[in-house]
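This report refers to the structure that appears directly beneath it.
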Amino acid sequence: MSEQFPPQFLAAIDRLGDDPEYEEIHAALSAPVDQRGFGRRTFLQGALAAGSATALTLGPLAKAAAAVEPLESGDTILVVIQLGGGNDGLNMVGPFGDPAYSTLRRATSVAAGSHPLGVGGLSFHPALPKLAARFQQGKVAVVQGVGDPDKDHSHFSAMAKWMAGTAGDSRTTGWLGRYLDTIPDSDQGFRAVSVDGSIPLHLLGNRSQVSALAEELPFGAERDKGTEVALYEAIRNYGSQPTGLGRLGDAIASMDRECIDLAREFVRLGDPSSDGDDLTRQLRTAAKVVNLNIGVRVIGATLASFDTHRTQAWMHNHLLSDLDEAIDVFYSTLDAQWADQVVIMTFSEFGRRAGDNGSGTDHGTSAPLLVVGDRVRGGLHGRYPSLTALDERGDLEVHVDFRSVYASVLQRWLGADATQILGGTYPQLDLFKSKPPEPSQGPPTKKDPRFLPFDDVAKFVIQQFHDFRGVHPKESDLLAWGNVVYWGFWSIPVALEQMYVGSDLYRFGVDGARTFWMGTGGPPEVDDIWRWTKMRATGSSMEDIAAEVVSSDAWRDRYGRLYGTNLINKVHTDLMGAPPSAQFLAYWQPKFAHENDVNAATMLAQLSMTPYGRLAYHHRACVATVFAAMLRRPPEAEQNRQWATLLDRGAVKLEFLLSTLYESAEYRSRFA
Amino acid sequence: MFRRLLRSQEHCPPGTDLRPQTTGSLLMAISRSDAAHLLRRSGFGARPADIARLAALPNWEAAVDAVLDTSRAPAATMPPAVGQTMEMWELRIELIKFWIERMRTTPCPIVEKMALFFHGHHFPCSWSKCDEATLAWNQIELFRSFALGDYHQLTQRVAVDPWMLWYLDNGANKAPSRINENFGRELLELFTLGRNNYTEADVVAMSRAWTGHNLSADGLRYQFDAAAHDNGQKTLFGITKNWDGPATITEILKGSKAVPASLFFVAKLWRYLVGTEPSATTTQSLAATFRASGLSLRSLVRAIFLHPDFRGAAARTAVVRSPVDWFVSVTQALDVPATASQPQWWIVPMGQDLFRPPNVGGWGSNEAWLSASGWWRRGECIRWLCYQMVDPSLPYNRFPEIQPDSSPKLVADVTFEAFGIVSPSPATRKVVEDWARSVSGTWHGSSMRYFGMVLVAMSPDFNLG
């Protein structure tokens, strides 16, 4: 396989069997939201809950909501619906009365005349009445004959190709993820939302973060069953009166009340119990996300089970009904002011074979794709493939490269540079009448001076997750950290220390930085620290890192002219503060007869992992990694040494280093 | 917040009789409410059978001696998972389950309660610095074996415990030029004396005294490196001689610093077991008892439990159950083993990651556990456990006496009893009975058997330890 996938996907991809189902592939091509399998909410849901609430019970959530930048009136929004499994486009929009159609389709034939488009001799499937009505209002573009010109019939590689959306072979990011990389604040997780509980490849970028709204809600939020509502109300009632159990008893009772009140706010948004099938629920949530005006530009939704090899008629009818209802519910939930800023598009990895197999349809090639919205140029685009001129496999011809649709949406709707994002130039379709009016000035944000240079506790926490852990905090993390910091249980120095010592940077990055320090007597570059952190976290050995160190100029300057015993002596004395023991010499001398660098790397790695190495150089490595996280530069070697000496002597604690950097002008200037 | 300082540094005049004050009530039979309080503070949950056992004893002293009887404590055992090939995080989950299960089932919970004090509040070490499971577990077993033992010996052993040598860097504290003050400082500041009882010069001398007390080359054992030990004269607490590490501990705990060191430790343990801020008089009298006993932890813990303030009104509501305490107590009440209750799913997001205290100051207490996300997790946990319980295919189906039409009073009585709440506050009883009344005899009545447990597990009464 020539394609490159994100590293976190590889294990799942490897586990796929010879004939994986669509659902397995989708799972392999999506990032799980939380690998522990519970509490899969992310921050956004909390923010949305707070944003939709009129009365806030917890300060940090109010602050979290304030951290969100609303959309401006010229900003466009894209809702992308993946119809997974290979949608039978011929039956979604087709020439149902045509004799050629009747010849090809026997078991899966759709009756003619239900919802004619009025052009091209085409009709919508009978399960799509609302979409047909919307088409008649000029708000639906049907792009005909869309597909992959290479006619890939494998779910896996076709889906990966559609999701990645590039001219080349890379599958490490998705086309919308790369778009998100280009817009401001997308690394804060507010610009893209997935409403199906996972983050699919097409939304993954290099820098941008996607927030996922999953089905699991906090304790107290699920209120569809009368039994549970009575329970939650009873728990809440603990906080309705003094407990007679002292200050802490009252504090516990208040927490009972607060946690139920806060959870109730989730219902307004997540609404997992609301009516409708899978996609309908997702798009209702999507509309609520837009209504909240928190700056989301891209929303992803998924409807699976289109792989209708058998008994297609019933299943396809069911799925298209959900699609029809979902789009309708989206617009009935959406506040009217947003209607001209939103476009919905569908995609599927391929269509189905033109002729059916007596029960269902097999994998095919091209299919129509829908683009829906008030500013869409309604009607037919592209060209319908001929049902009488099939290719040698009996498949429909591809008339529109799927990347042409992407290019049109990127360039003409989202206002992005399509060529750059797709890595190639594709002819654009005239899918949109116009973009919405240009932006006006947004409202000023609220600030809390306690968290300077950050406006509020949420921004403080988010930035620390980005700096120390390279990830966006999950909602549960944000709540937990926000709470303890906001209410002062942890001071900012303590919070910074906790953030640092709980990070991979501390657990693994310090190994790399220490080895570099030992080998070269100075701090490493920031990029190297992060790379080594990832290497160690994914199981690379210390030898791999040590090999990089011994190939550095600094090592060569120190030891490049030494060989054999001289090299062993000098390295040991420099690194361990004492000449090597006779045993150590006896062990290493024979090894240095050949291949100096390999053995030097192994020796360095081993010295770095000795208790002495790990403890004596610990603080130097800490200082280097803390600088990397907070100032994004290495410290001066002397500065590094001075801090490490203070830490070694216990004269100051890590939290002092962290808070000193936090208060430095240089750190503040990052956020000016 | 982690470093609450001892408020009073006054020394006792010599000859003062500082034995714990006894009152008439000591001689009277004990109430079930007192028995439950003692069980909670000396262990985790208060099971009905244990309450009855203590309440049947002739007096409070007998009850205290009963909870301090460690003769049936499980012997030191390496968890079976240690030594098997598995990922580090899986191994830690196994350690968590093993210890939680021991807390839940031991006949002598005071041993685990004290071990948790030493691990989480007094001598914290963390997996984050050294993830060698054997070292971590050996340290817990060290705490267990000294739970009610000789505090001086324990401190000596902790100082050269490999996990501690890693955690506070003394494993690499080498003279002459590579002196590491991390351990020397914390030994003074957090482990023995507290701030204001030593000088910076003492930190330097202390650190020099501990040079050479290092780790073996494989990092798994303590090893004294004579060549790296500083044999020079050092001035510690104004005494100049060739100090060596262990002698400094003896000097602090049994020599010139014995009084402030005992005051410091007594106040710390009092806050853990009683929850209130001890008065100067209380601290002084207990510290004197402690010293007179030769630093016997058993004597000190006994004196604390016998102290009148231990049973006073303020102490009854002075502790918010930590996640570990809450989880162990809940799974005791419901009788669910750790193999099925998945403690790692719950206690970690509630904020108490066993084997990974947040820093050398250990975990916070009380308010530190009160956050919405932590509280959601408590609710999710107990609801999940109850759903496990009502699955008839599982052996945890409990409380058959609660039926869909049971009276509110019966529901309340059975659930309070199961959770060891002997005298619920009127407000809490009213909430539970009102809820039961609203569902009893209705379509929702069958939820009373398990949602009653959820309700009580979330009550202020149960969340106070």
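Here are some notes:
- Checking A:Ala336 against (1) touching a residue at least 12 places away in the same chain (Cβ under 8 Å); (2) surrounded by fewer than 21 Cβ atoms within 10 Å (Cβ to Cβ); (3) under 30 Å from A:Asp75 (Cβ atoms); (4) not hydroxyl-bearing (Ser, Thr, Tyr), the condition it does not meet: (1)
- Number of the condition not met by B:Pro278 [criteria: (1) outside any loop (DSSP other than H, G, I, E, B); (2) away from every other protein chain (no Cβ under 14 Å); (3) crowded, with 18+ Cβ neighbours inside 10 Å; (4) not basic (Lys, Arg)]: (1)
- Helices (runs of 4 or more DSSP H) enclosed by the range A:564-663 - at least 3 residues per element that are within 40 Å of the chain's Cα centre (by Cα) and within 13 Å of another protein chain (Cβ to nearest Cβ): A:596-609, A:611-616, A:618-630, A:637-648, A:654-663
- Some residue of the range A:582-603 being open to solvent by less than 30 Å² (accessible area, probe 1.4 Å) and within 28 Å of B:Phe183 (Cα to Cα): no
- For A:Thr173, the conditions (1) assigned to a loop (DSSP other than H, G, I, E, B); (2) surrounded by fewer than 24 Cβ atoms within 10 Å (Cβ to Cβ) are fulfilled apart from (2).
- Candidate set: the range A:118-142, residues that are in contact with a helix residue (DSSP H, G or I) (Cβ under 6 Å, 6 or more places away or on another chain) and farther than 16 Å from A:Phe330 by Cα; chosen: the one surrounded by the fewest Cβ atoms within 10 Å (Cβ to Cβ): A:Ala127
- Residue check, B:Gly362 in contact (Cβ under 8 Å) with a residue 40 or more places away in the chain, at the interface with chain A (Cβ under 10 Å from one of its Cβ atoms) and within 25 Å of B:Phe98 (Cβ to Cβ): no
- Candidates B:Trp345, B:Trp326: the one that is open to solvent by 20 Å² or more (accessible area, probe 1.4 Å), within 14 Å of chain A (Cβ to nearest Cβ) and not charged (D, E, K, R) is B:Trp345.
- Residue check for B:Ala368: open to solvent by 10 Å² or more (accessible area, probe 1.4 Å), of a type in the set (A, V, I, L, M, F, W, C) and away from chain A (no Cβ under 13 Å): no
- Scanning the range A:504-527 for residues that are open to solvent by 40 Å² or more (accessible area, probe 1.4 Å) and either within 18 Å of A:Arg632 (Cα to Cα) or in contact with a His (Cβ under 8 Å, 6 or more places away or on another chain) (or both) yields a count of 3.
- Filtered residues of the range B:167-197 (kept if modelled with pLDDT of 90 or more and away from chain A (no Cβ under 12 Å)): B:Phe191, B:Thr192, B:Leu193, B:Gly194, B:Asn197
- Matching residues in the range A:610-669 - criterion: being in contact (Cβ under 8 Å) with a residue 60 or more places away in the chain, of a type in the set (Ser, Thr, Tyr) and over 16 Å from A:Val510 (Cβ atoms): A:Ser659, A:Tyr662, A:Tyr667
- Candidates are the residues of the range A:244-261 that are farther than 18 Å from B:Val454 by Cβ and within 7 Å of chain B (Cβ to nearest Cβ); the one that is surrounded by the fewest Cβ atoms within 10 Å (Cβ to Cβ) is A:Gly244.
- Residues in the range B:66-83 that are in contact with a Pro (Cβ under 9 Å, 6 or more places away or on another chain) and of a type in the set (A, V, I, L, M) were compared, and the one that is surrounded by the most Cβ atoms within 10 Å (Cβ to Cβ) is B:Val67.
- Residue check for B:Asp230: among the acidic types (Asp, Glu) and at pLDDT 95 or above: yes
Matching residues to (1) under 18 Å from B:Phe117 (Cα atoms); (2) under 18 Å from the mean Cα position of the chain (by Cα):
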residue	(1), (2)
B:Ser293	no, no
B:Leu297	yes, yes
B:Arg311	no, no
B:Arg316	no, yes
B:Asp325	yes, yes
B:Ala340	no, no
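- Residue check, B:Lys268 more than 19 Å from the chain's Cα centre (by Cα) and either open to solvent by 20 Å² or more (accessible area, probe 1.4 Å) or charged (D, E, K, R) (or both): no
- Condition check for A:Ala313 on (1) touching a Gly at 6+ places or on another chain (Cβ under 8 Å); (2) surrounded by fewer than 24 Cβ atoms within 10 Å (Cβ to Cβ); (3) not β-branched (Val, Ile, Thr): one failure, at (1).
- Number of the condition not met by B:Asp353 [criteria: (1) within 14 Å of another protein chain (Cβ to nearest Cβ); (2) touching a residue at least 24 places away in the same chain (Cβ under 8 Å); (3) among the acidic types (Asp, Glu)]: (2)
- Boolean, B:Leu154 is under 30 Å from B:Leu68 (Cβ atoms), aliphatic (A, V, I, L, M) and part of a helix (DSSP H, G or I): yes
Yes/no per residue for (1) in contact (Cβ under 8 Å) with a residue 24 or more places away in the chain; (2) hydroxyl-bearing (Ser, Thr, Tyr); (3) in a helix (DSSP H, G or I):
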| residue | (1), (2), (3) |
| --- | --- |
| A:Gly74 | yes, no, no |
| A:Val79 | yes, no, no |
| A:Asn87 | yes, no, no |
| A:Ser102 | no, yes, yes |
| A:Thr108 | yes, yes, no |
| A:Gly113 | no, no, no |
| A:Gly121 | yes, no, no |
| A:Ala127 | yes, no, no |
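- Residue selection: B:Trp89 satisfies the criterion of being open to solvent by 40 Å² or more (accessible area, probe 1.4 Å) and modelled with pLDDT under 90.
- Single match in B:Asp391, B:Asp413, B:Asp405 (criterion: modelled with pLDDT of 90 or more and charged (D, E, K, R)): B:Asp413
The values are calculated or read from the model by the stated rules, or taken from the named source; none is laboratory data. Quick caveat: nothing in here was measured; it's all calculated off a predicted structure. Please note: Cβ atoms are built from the backbone with ideal geometry, for glycine as well, and neighbour counts cover all protein chains shown. Protein only, heavy atoms only, side chains kept; ligands, DNA and RNA dropped before computing areas. Shrake-Rupley method; radii C 1.70, N 1.55, O 1.52, S 1.80 Å.
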